[in-house]
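What follows is calculated from the coordinates using simple rules that are stated; it is not laboratory data. Predicted model, so just to flag it, every value in this text is computed and none were measured. Don't worry about glycine lacking a Cβ; one is built from the backbone with ideal geometry, like all the others, and counts go over all protein chains shown.
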Amino acid sequence: MATAAVPIVNRKKIAPGKILINEKWRDARDGATMNTIDPTTEKVITSVAKASPADADEAVAAAGAAFEEGPWPKMHLEQRAKLLFRIADILDDRPEDFAIREAMDMGMPYRVFLRSSCRIAPDCFAFSVVSACRR
């Protein structure tokens, strides 16, 4: 059985990460950060905001309010489906981008990630839409 050639992709520079709370990307409340390490090279990939318990409480409260009062619960099923299918399309169109970042973060070999998780992820979003529509 022949297998398709997988292109070699160089590791990418990743910008420092922030936390998303209430539709805004920001630093941790106390300014704390932590390094993300590539387990295959043991080198720092980037630094990310290190959320505190107060940040987590704020994020949970914001997510709860968004779920109850935001646009999602007011959205018609077809609108939700379009958004979820769009996510599936993006994952399907850019598997190399997601594979290299996840391989760097998790240490899973790039080619394995590209041939496994990157193939399944778009289908998971599509399956969720189809399942919700059948109810």
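If R0 equals 41 Å, the separation of the Cβ atoms of Lys24 and Cys133 corresponds to a calculated FRET efficiency of about 0.80. On the beta carbon distance between Arg115 and Lys43, with R0 = 25 Å, the FRET formula returns roughly 0.50. Cross-link partners for Lys74 among the lysines, with Cα-Cα distance under 26 Å and sequence neighbours closer than 8 places in the same chain left out: Lys24, Lys82.
Temperature 25 °C, viscosity 0.890 mPa s: under these conditions the Stokes-Einstein estimate for region 83-135, based on its Kirkwood radius over C-alpha pairs, is 213 µm² per second. Projecting the Cα atoms of Ala103, Leu114, Ser128 onto the charge dipole of region 75-135, computed from C-beta unit charges around the Cα centre, puts Ser128 farthest toward the positive end.
In the chain, the convex hull through the Cα atoms has an average projected area of 11.1 nm², a quarter of its surface area. Dividing the convex hull volume of the alpha-carbon atoms in region 20-92 by its residue count gives 121 Å³ per residue. Over the chain, DSSP H runs of length four or greater, each weighted -39,500 (n - 2.57), average out per residue to a 222 nm ellipticity of -17000 deg cm²/dmol.
Taking every full run of DSSP H in the chain, the ones that stretch at least 18 Å from end to end by Cα along their long axis and average 0.5 or higher on the Kyte-Doolittle scale are 117-133.
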